[in-house]
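The values are calculated or read from the model by the stated rules, or taken from the named source; none is laboratory data. If you're wondering where the values come from, they're calculated on a predicted model, not measured in any experiment. As a convention, Cβ positions derive from the backbone with ideal geometry for all residues, glycine included, and neighbour counts pool all protein chains shown. Note: accessible area is taken over every heavy atom of the protein model, side chains too, but ligands, DNA and RNA are not part of it. Shrake-Rupley method; radii C 1.70, N 1.55, O 1.52, S 1.80 Å.
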Amino acid sequence: KILVIGASGQIGVELTLALRKIYGAQNVIASDLREQNPLLEGTGPYVSMDVMNKEMLHVQVIRQNVTQIYLLAAILSATGEKNPNLAWHLNMQGLLNVLDIAREEKLTKVYWPSSIAVFGPTSPKQNCPQQTIIEPTTVYGISKYAGEFWCNYYFHKFGVDVRSLRYPGLISYKSAPGGGTTDYAVEIYHEALAEKSYTSFLEKGTYLPMMYMPDAIRATIELMEAPIEKIKVRTSYNLSAMSFSPEEIAASIQKHIPEFTMSYEPDYRQSIADSWPQSIDDSVARADWGWAPEYNLDKMTADMLTNLKSQG
Ligand code: VAH
């Protein structure tokens with residue numbers, strides 16, 4: 001059975017629904033510290049769980065015959081800067097608990113997301129490569145980069161087949177984002193429909209690597225289903241689809257809502273965004289396991305607005 005930890009979050013909801021479609025609803029157990037996301041209600045088993053409680057987690061893994069764990073629980077970049085100790089503790093100890101149980105119970109596979117947030121101001125801004133100078137300057141980025149080395153360690157030392165992707169900013173309509181710096185690119189669609197205007201907390205010209213959620217979910221499934229010999233990166237794979245700035249996503253929306261207006265009021269998240277690369281080189285993922293994105297900005301905008309309208 002597959003256990004999804006953090007199933008009520010922005011990625012967790014969609015990953016749980018996708019995994020249930022592929023492997024059967026009863027074979028995918030959703031769990032979170034929070035109550036079940038309404039979108040998951042009635043779609044399969046749900047257990048309330050705290051990934052920081054290693055003993056409880058271990059009992060659940062044995063009792064529910066878990067053979068794979070997808071660990072999505074984390075504090076993201078913006079929230080992490082407000083709660084450094086919580087962010088480090090949850091992001092690091094949560095992963096270590098899962099890796100240790102995976103080793104002890106010989107789980108088949110583990111998935112754990114990293115992020116382009118591991119890169120800092122000393123990494124190349126354009127086409128940031130898989131391997132380069134990596135000096136994270138947020139607690140979130142520090143915890144994700146440290147986590148990558150733990151994944152690499154557990155694979156080489158104990159044979160735990162843990163796989164990872166450095167997600168760019170993810171945009172989705174099904175579930176709200178959880179306190180990231182790229183959340184403006186989700187909020188803007190909701191505000192465009194509700195208010196026909198949006199005040200961006202990142203200034204013009206702030207290019208960031210981004211991806212539509214359907215691409216991110218497909219990348220995760222394709223990575224996890226790839227034959228083990230194809231997975232040569234055991235820290236975490238760079239992954240990318242597009243890069244855009246706030247004014248470019250505004251222009252994309254204006255093709256559907258001509259009267260949409262945008263204003264800019266940068267806040268503390270501007271310095272986080274400025275520390276990250278503007279575009280990512282994901283050629284290693286493309287070479288190793290055949291990654292290829294399907295959504296560009298305009299295709300994403302059309303799909304986002306259509307689905308948000310029908311969601312009401
Ligand atoms: C964040 N959405 O903003 C996440 C992601 C690259 C950004 O890691 O923290």
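For this structure, a couple of remarks:
- Counting only strands (runs of 3 or more DSSP E) that fall entirely inside the stretch 160-216 and contain at least 2 residues that are more than 13 Å from the ligand (Cβ to nearest atom), the qualifying elements are 197-200.
- Filter pass, residue 267 being within 16 Å of the ligand (Cβ to nearest atom) and assigned to a loop (DSSP other than H, G, I, E, B): yes
- Within the stretch 217-244, tally of residues that are touching an Asp or Glu at 6+ places or on another chain (Cβ under 9 Å) and part of a loop (DSSP other than H, G, I, E, B): 10
- Any hit, the stretch 210-232, residues being touching a Gly at 6+ places or on another chain (Cβ under 9 Å), open to solvent by less than 10 Å² (accessible area, probe 1.4 Å) and not aliphatic (A, V, I, L, M): no
- The condition of being assigned to a strand (DSSP E or B) and open to solvent by 10 Å² or more (accessible area, probe 1.4 Å) holds for only one of 110, 47, that being 47.
- Pairing each residue of the stretch 116-140 that is over 21 Å from residue 86 (Cβ atoms) and of a type in the set (Lys, Arg) with any residue that is open to solvent by less than 50 Å² (accessible area, probe 1.4 Å) and within 13 Å of the ligand (Cβ to nearest atom), provided the two are 6+ apart or on different chains, yields C-beta distances under 8 Å for 125/277; 125/279.
- Filter pass, residue 35 being open to solvent by 60 Å² or more (accessible area, probe 1.4 Å), part of a loop (DSSP other than H, G, I, E, B) and within 28 Å of residue 87 (Cβ to Cβ): yes
- Members of the stretch 174-208 that are open to solvent by 50 Å² or more (accessible area, probe 1.4 Å) and closer than 16 Å to residue 311 by Cα: 174, 176, 187, 190, 191, 193, 194
- Taken over the stretch 232-269, the criterion of being aromatic (Phe, Trp, Tyr), in contact (Cβ under 8 Å) with a residue 60 or more places away in the chain and out of contact with any Pro (no Cβ under 8 Å at 6 or more places or on another chain) is satisfied by 237, 260, 268.
- Residue selection: residue 59 satisfies the criterion of being surrounded by fewer than 18 Cβ atoms within 10 Å (Cβ to Cβ), over 30 Å from residue 241 (Cα atoms), among the β-branched types (Val, Ile, Thr) and free of Cβ contacts under 8 Å to residues at least 12 places away in the same chain.
- Odd one out for residue 151, checked against (1) farther than 27 Å from residue 299 by Cβ; (2) open to solvent by less than 50 Å² (accessible area, probe 1.4 Å); (3) within 16 Å of the ligand (Cβ to nearest atom): (3)
- Identity of the residue in the stretch 80-107, open to solvent by less than 10 Å² (accessible area, probe 1.4 Å) and more than 12 Å from residue 146 (Cα to Cα), that ends up nearest to the ligand (Cβ to nearest atom): 80
- Boolean, residue 67 is open to solvent by 30 Å² or more (accessible area, probe 1.4 Å) and in contact with a Leu (Cβ under 9 Å, 6 or more places away or on another chain): yes
- Listed by first and then second residue, the pairs with beta-carbon distance under 7 Å, at least 6 apart or on different chains, first residue in the stretch 190-206 and modelled with pLDDT of 95 or more, second assigned to a loop (DSSP other than H, G, I, E, B) and open to solvent by 60 Å² or more (accessible area, probe 1.4 Å), are 196/259; 199/265; 201/265; 201/266; 202/266; 203/266.
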